[in-house]
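**Student:** Here it is, the structure in full.
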């Protein structure tokens, strides 16, 4: 009955069109009434405590870094470098999108920001070259969702806080899975583009490639600084976010000089608005997380999943299928915040490595950003590319399928994640 009250009130509020943050607060209040412990003061205290977390300071700084990179020319230089390296091969613009997405993912950690930048820069070029617009939009959408998996990742920060798992270890463990996501859609694109009669652009000269590399050097240096700093313990993930924001600001204003001082207000306000949405979601979700613990819902979930507890692979497959189903109707951040406190006790009881599970969980939620009907990233591509949602959905299918294959390969072969991860963080 407790689970029914929580899910019923949450889904009912969402069905009425109430924003998810408020729906979470309503479901928390409904659960408190059901448990005969309603107290508005406790509700307010949990909202405040939900956002009162030092690791969550990484969110506004990573958001700010992403905004600065897009306005300050770092993102454009990354795309130009990728174009000079692989733009000349058959279907080269698609490979440019994938390579640029992996590089941008190591800069911002935001799927929406990366996808918007890629769609604005590359989609018109791909259409002009003769590629099917829906297919090109679908590729860019699936390339954009690599951002939450390759560090630095805002999704890993939120999961790490909600699950009490090392954010630094999550960052380092996400490197190989994120690259595999890129490799999978590269293979899918190679297979798709074989049937298109597209004449590739001429190969960039050595001088042009060296110029593009030199021009993007300062942008490429950022992920190196962040990852080496995390690996050597020079700074924490939260401090890494500050380093990324300050570095991006200095490069954009003093080196590339594309970000003018009068634009800073707009950049800061944009980052603040996005951060406010995420932080309010986190604060509201922490109310539900506390009540889920009080109501002992995790033990009830363990009871429901008891038949799978002796087989980690079957348990993970069941959980991944559940997350896929939820991802079709809910955005990534609320899904992480709602399901993490419910699933983590189950994962720990089954003896599954929390860092390994976190990578799979975030990766699954990232793919959820391109699963219809909600698909936030699909909406971004449709909006930027002025396309119908149905067309983008049709174009995304082969690439989404490739990434799901990678996800379940990681479920079947955990060492693909765990072995490199242990090497990275020692």
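The values are calculated or read from the model by the stated rules, or taken from the named source; none is laboratory data. Bear in mind that the values here come from a model prediction, so they are computed numbers and not experimental data. As a convention, Cβ positions derive from the backbone with ideal geometry for all residues, glycine included, and neighbour counts pool all protein chains shown.
**Student:** Say whether the condition of being surrounded by 15 or more Cβ atoms within 10 Å (Cβ to Cβ), within 15 Å of residue 61 (Cβ to Cβ) and under 18 Å from the mean Cα position of the chain (by Cα) is met by at least one residue in region 174-194.
**Tutor:** Taking every residue of region 174-194 in turn, none turns out to be surrounded by 15 or more Cβ atoms within 10 Å (Cβ to Cβ), within 15 Å of residue 61 (Cβ to Cβ) and under 18 Å from the mean Cα position of the chain (by Cα).
**Student:** Residue 23 versus (1) over 30 Å from residue 114 (Cβ atoms); (2) in contact with a helix residue (DSSP H, G or I) (Cβ under 9 Å, 6 or more places away or on another chain); (3) free of Cβ contacts under 8 Å to residues at least 40 places away in the same chain: which is the lone unmet condition?
**Tutor:** (1)
**Student:** I would also like to ask the following. Can you work out which of the residues in region 269-314 that are part of a loop (DSSP other than H, G, I, E, B) and at pLDDT 75 or above is surrounded by the fewest Cβ atoms within 10 Å (Cβ to Cβ)?
**Tutor:** 310
**Student:** May I pose another question? Counting only residues that are without any contact (Cβ under 8 Å) to a residue 60 or more places away in the chain and surrounded by 13 or more Cβ atoms within 10 Å (Cβ to Cβ), how many does region 35-66 have?
**Tutor:** 3
**Student:** Of the residues 324, 317, 336, only one is surrounded by 20 or more Cβ atoms within 10 Å (Cβ to Cβ) and either under 23 Å from the mean Cα position of the chain (by Cα) or in contact (Cβ under 8 Å) with a residue 24 or more places away in the chain (or both); which?
**Tutor:** Testing whether each residue is surrounded by 20 or more Cβ atoms within 10 Å (Cβ to Cβ) and either under 23 Å from the mean Cα position of the chain (by Cα) or in contact (Cβ under 8 Å) with a residue 24 or more places away in the chain (or both) leaves just 336.
**Student:** Tally time: how many residues in region 369-413 are crowded, with 18+ Cβ neighbours inside 10 Å and within 30 Å of residue 311 (Cβ to Cβ)?
**Tutor:** 10
**Student:** I would also like to ask the following. Would you say residue 120 is more than 30 Å from residue 51 (Cβ to Cβ) and crowded, with 23+ Cβ neighbours inside 10 Å?
**Tutor:** No.
**Student:** Considering 346, 381, 362, which residue is part of a helix (DSSP H, G or I), touching a helix residue (DSSP H, G or I) at 6+ places or on another chain (Cβ under 7 Å) and closer than 21 Å to residue 171 by Cβ?
**Tutor:** Matching residue, one of 346, 381, 362: 362.
**Student:** Taking the stated definitions as given, is residue 32 assigned by TED's automatic domain parsing to the domain that holds residue 287 and assigned to a helix (DSSP H, G or I)?
**Tutor:** no
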